[in-house]
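Here's the structure, in structure tokens; my notes come after.
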Amino acid sequence: MSNWTPIITLEEIPQLGSRVITTDTMNVAVFRTAKDEVFALRDACPHKGGPLSQGIVHGTSVTCPLHNWKIDLASGEALGPDEGCANVFPTKVEDGMVFLGLNDQSADVA
Amino acid sequence: MSKEKLVVIGNGMAGIRTLEELFKLTTEQYEITVIGAEPHPNYNRIMLSPVLAGEKQLEDIILNDRDWYEENGINLLTGDPVVKIDRARQQLTTEKDEVLEYDRLLLATGSNPFIIPVPGHDKEGVIGFRDIADVETMLAAASNYKKAVVIGGGLLGLEAANGLIKKGMDVTVVHLLDTLMERQLDKPAANLLKATLEEQGMKFMMEAQTAEILGDERVNGIRFADGSEIETDLVVMAVGIRPNIALAQESGIHCENGIVVNDTMQSYDPKIYSVGECVQHRNICYGLVAPLWEQAKVAANHLANIGIGRYEGSVTSTKLKVTGIDLFSAGEFHEQEGDETLVLRDPAMGVYKKLVVRDNQIKGAVMYGDTLDGTWYFQLLRDGTDISAFRNTILFGQHDLGDAGHGDETRIAALSNDAEICGCNGVCKGDIVDSIVKKGLFTLDDVRAHTKASSSCGSCTGLVESILASTVGEGYSATPSKKPMCGCTEHSHDEVIGAIRQQKLKSMDAVRDFLEWKTPDGCAACRPALNYYLLANWPEEYQDDAQSRFINERAHGNIQKDGTYSVVPRMFGGLCTANDLRAIADVSDKYNVPEMKVTGGQRIDLFGIKKEDLPAMWKDLSEAGFVSGHAYGKAMRTVKTCAGKTWCRFGTQNSTGLGVKLEELTWGSWMPHKFKLAVSGCPRNCAEATIKDFGVVCVDSGYELHIGGNGGIKVRVTDLLCKVDTEEEVLEYCGAFIQKYREEAHYLERTAPWVERVGLQTIKDVLLDDAEMRKSLYDRFKLSQQYAQIDPWKARAEGEQGHEFKNIQISAA
């Protein structure tokens, strides 16, 4: 089950931007939307592994900086005719602190 | 709240396309019923000809199968047509007495073939060419009978005749006039067409007026007005179509030739919309498919209660779908008094091209035999492009303007299916054709989304459009001449720039509010554009938005495929000292730079830098006197120079010194796209100044100024702007040119296409003939430079945007 890890305050993630979380095994991109929703994806585009954290965030999606794939932040699914899915990690915000749910399973997938 | 009821009468391309557009906007608003007279799901009507010719099967042309209706929760009723609309009660009655209620109604009833009301027109074996049933009748006739007559030598008639010949019938085309396809062709092209078709076995009776269809129950011949007769077992009437408006008329909706709609595709009854061949918009009824795509978009927009789209009419183009015949026509191809015509005629090659030109704009085009450039001419026509700069070569086609080195390889028809079209994404012709056919694609955007062809550098866009045009024929919808900036808005770049300036909009939210953006915070395409426009227009006030910049400009380095960055320090004019090189070498050692390269812009690129290391590296470079080279930005890049007269025995002026001055003036400036300069010390032009956005070629008596060149995707040689006498003038003209470009070009438009779009003369008018304007442009440029020439590297080395470069380390559970 999810193991909530406090990572950063909400304020430290720019609106419509992201921060990169480095774990032992991979990078996770944590995004903040204009409405202060927070999403986390493995920082690798399903297309060619581009760092999604470096993309432009709009609405609840991010556009990969390498080849403009548009990824839905909530599901990790590629939008439009493209097909592919980035691993999603659960997040929650409590008292301005962002928590990331890294479970064993997702670590395996990575 | 229960959903509103939307009923679509007509299960054809127009109605269903409108639903597809609607689903892009909302899937929740309506409970949808589609009523179709034919017992088939939506199919591609313009592909009936290839089905008849046996080149395609019926299942190949189905656009939406029954699963599609189910997946989208659409209630599809086929084979039970609507017979009555009760507008007061908002109810429909079908033939089988079913009663349906609607909140909104979409009439997409299409058109009917016109049957000439001569005696005998109702005999067995007399049909139109409109739907699958007609094709089935023709196919059945082809296997039982020998002779066929097609009445009407227009597009549809010739396609029908071609199909019947392919099926082994002996076919005569009867035409009232002396010119085939007179609505699309002029006489010379029509004659070439007729000759080719005759070679393929088609017979013609020109200027023949049908008087009577002969026979008992079934047709066995035709008598003409002059008394002559011809034997036949099948008569296909293809003399035109009439909008199908009977139902609308009976229910009291205002109709003339078609159902009259306004620019929002709304009929006289505000609850009833209409699209497709049944409508009359601004007095025009369209008989081709292409206008549908725009109409469907607008209707969907209003059905979804967004209410901002307007349909303003279409310019259409035609292509005949007969294998082996290349024919294209668009616009007003019959010249009027005062028009000029440009003609290329090569009877031996079977090539004929005619352009009708008025005031240096293309008004119409007819092409036969070689239609590759049809899409290009059509685009020039729609955009109203001034062709004066290239009219002497325009008939030879676009490749003559330089087409990414594809040159003559661009003969679409001759290409095999495994020919690579999109070199960036490795997409072959066959992939594109397959996607177009199987997925029912009609627009360039569709093809880009599904195949990726033309979605990267864009140099193959013309090729992809040609493939699209040749695959779907007249259903092809050219990119509208007014292109919205992106999917978030209906407004074009020019409209957005205009609004920012006139309404004094100074923030991104203000722009999006005022222009009614569809998305709250835009997308990856419009945000960088808006950020640039605001910055360029309000340099003193606008606060740059880092989150609206592409990563390269946000991180001030070029992102590489592995997620590392490259660093290019600025070397003014390409000059450097031993100390500069030593400092770069030290930095390279300190940060374990895996690879270094001398760039084409005469500086040094350090590759493979981790993002976290960037600020520290910049600090070291900054302390050694370097500033950012902006090698990553839509910005002024470099000034390339040659040795110049200090050393070179041919040099006429101090090209390096002038290069340094130009770079000092322009560095740090944000631009619509990248911008490169060069200064060559003599006409030998070693600095390649004539393929730069702004190039200076020194001559003994002064300085030649060249604009609008680039290497890259499409090599374009500069245009000569003027010659000036002093370095001060070079700087002023350069600054003024840059500022005009910065203020007027579209975001991501380089100077080369910009100069071609607005015309060299417009730029000369301002820069050469209006000293005051030039001076004020130059002043505005210098003002914006006060805010732009702050080294972003130094600022970040001192902590600005620190979060951008710091990762957060955690241990995974």
Inset, instruction - Determine whether the range B:784-798 contains at least one residue that is within 30 Å of B:Lys611 (Cα to Cα), without any contact (Cβ under 8 Å) to a residue 40 or more places away in the chain and surrounded by 15 or more Cβ atoms within 10 Å (Cβ to Cβ). - result: yes
Inset, instruction - Could you check B:Arg448 against (1) closer than 28 Å to B:Ile325 by Cβ; (2) assigned to a helix (DSSP H, G or I); (3) within 14 Å of chain A (Cβ to nearest Cβ) and say which number it fails? - result: (1)
Legend entry - Test: B:Val679 is more than 18 Å from B:Met571 (Cβ to Cβ) and in contact (Cβ under 8 Å) with a residue 12 or more places away in the chain: no
Legend entry - Only listed residue being surrounded by fewer than 17 Cβ atoms within 10 Å (Cβ to Cβ), β-branched (Val, Ile, Thr), within 29 Å of B:Gly712 (Cα to Cα) and out of contact with any Ser or Thr (no Cβ under 9 Å at 6 or more places or on another chain), chosen from B:Val593, B:Val598, B:Val627: B:Val598
Inset, instruction - For the range B:787-810, name all the residues that are part of a loop (DSSP other than H, G, I, E, B) and within 14 Å of chain A (Cβ to nearest Cβ). - result: B:Glu800, B:Gln801, B:Lys806, B:Asn807, B:Ile810
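Does the range A:41-62 contain at least one residue that is touching a residue at least 60 places away in the same chain (Cβ under 8 Å) and over 18 Å from B:Gly563 (Cα atoms)? Write out each step before concluding.
Quick first cut of the range A:41-62, residues touching a residue at least 60 places away in the same chain (Cβ under 8 Å) only: A:42.
Among the residues that remain, those that are also over 18 Å from B:Gly563 (Cα atoms) are: none.
Within the range A:41-62 (the criterion being touching a residue at least 60 places away in the same chain (Cβ under 8 Å) and over 18 Å from B:Gly563 (Cα atoms)), the answer is no, since none of the residues qualifies.
Out of all the residues in the range B:293-300, is one or more free of Cβ contacts under 8 Å to residues at least 60 places away in the same chain and either out of contact with any helix residue (DSSP H, G or I) (no Cβ under 8 Å at 6 or more places or on another chain) or more than 17 Å from B:Gly258 (Cα to Cα) (or both)?
yes
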Legend entry - Count of the range B:346-359 residues which are part of a strand (DSSP E or B), modelled with pLDDT of 90 or more and exposed (fewer than 14 other Cβ atoms within 10 Å of the Cβ): 0
Inset, instruction - Considering only the range B:128-154, state which residues are closer than 24 Å to B:Ile9 by Cα and crowded, with 17+ Cβ neighbours inside 10 Å. - result: B:Gly128, B:Phe129, B:Arg130, B:Asp131, B:Asp134, B:Val135
Inset, instruction - Mind listing whichever residues of the range B:636-651 are in contact (Cβ under 8 Å) with a residue 60 or more places away in the chain and surrounded by fewer than 23 Cβ atoms within 10 Å (Cβ to Cβ)? - result: none
Inset, instruction - Please state which one of B:Ile74, B:Ile46, B:Ile61 is buried (at least 17 other Cβ atoms within 10 Å of the Cβ) and either of a type outside the set (A, V, I, L, M, F, W, C) or closer than 23 Å to B:Ile245 by Cα (or both). - result: B:Ile46
Inset, instruction - Scan the range A:55-84 for residues that are in contact with a Gly (Cβ under 6 Å, 6 or more places away or on another chain), more than 13 Å from A:Arg42 (Cα to Cα) and part of a loop (DSSP other than H, G, I, E, B) and jot them down. - result: A:Pro65, A:Leu66
Inset, instruction - Examine the range B:57-74 for a residue that is in a helix (DSSP H, G or I), in contact (Cβ under 8 Å) with a residue 40 or more places away in the chain and out of contact with any Gly (no Cβ under 8 Å at 6 or more places or on another chain), and state whether such a residue exists. - result: yes
Legend entry - Count - residues of the range B:127-186 that are under 21 Å from B:Asp226 (Cβ atoms), touching a Ser or Thr at 6+ places or on another chain (Cβ under 9 Å) and part of a loop (DSSP other than H, G, I, E, B): 2
Inset, instruction - Go through B:Val289, B:Val366 for me and flag whichever is in contact (Cβ under 8 Å) with a residue 60 or more places away in the chain, touching a Phe, Trp or Tyr at 6+ places or on another chain (Cβ under 7 Å) and crowded, with 21+ Cβ neighbours inside 10 Å. - result: B:Val366
Legend entry - Conditions (1) facing chain B (nearest Cβ under 8 Å); (2) at pLDDT below 95; number of the one not met by A:Val57: (2)
Legend entry - Residue that is without any contact (Cβ under 8 Å) to a residue 40 or more places away in the chain, among the hydrophobic types (A, V, I, L, M, F, W, C) and surrounded by 19 or more Cβ atoms within 10 Å (Cβ to Cβ), where the choices are B:Leu767, B:Leu720, B:Leu705, B:Leu665: B:Leu705
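The rows are residues; the columns are (1) of a type in the set (S, T, N, Q); (2) crowded, with 18+ Cβ neighbours inside 10 Å; (3) in a loop (DSSP other than H, G, I, E, B); (4) under 21 Å from the mean Cα position of the chain (by Cα).
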position	(1), (2), (3), (4)
B:Gly487	no, no, yes, yes
B:Glu490	no, yes, yes, yes
B:Asp494	no, no, no, yes
B:Asp509	no, no, no, no
B:Asp513	no, no, no, no
B:Pro520	no, no, yes, no
B:Glu541	no, no, yes, no
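Quick grid of which residues meet (1) among the aromatic types (Phe, Trp, Tyr); (2) more than 9 Å from chain B (Cβ to nearest Cβ); (3) closer than 18 Å to B:Ala524 by Cα:
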residue: A:Ile7; (1), (2), (3): no, no, no
residue: A:Ile13; (1), (2), (3): no, no, no
residue: A:Thr23; (1), (2), (3): no, no, no
residue: A:Asn27; (1), (2), (3): no, no, no
residue: A:Asp36; (1), (2), (3): no, yes, no
residue: A:Lys48; (1), (2), (3): no, no, no
residue: A:Leu79; (1), (2), (3): no, yes, yes
residue: A:Ala86; (1), (2), (3): no, yes, no
residue: A:Glu94; (1), (2), (3): no, yes, no
Inset, instruction - Take the residues in the range B:263-284 that are under 26 Å from the mean Cα position of the chain (by Cα) and outside any loop (DSSP other than H, G, I, E, B), then tell me which one is farthest from B:Glu4 (Cα to Cα). - result: B:Ile284
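The values are calculated or read from the model by the stated rules, or taken from the named source; none is laboratory data. All values derive from a computational prediction rather than experimental measurement. Ideal geometry is used to build each Cβ from the backbone, glycine not excepted, and the neighbour counts take in all protein chains shown.
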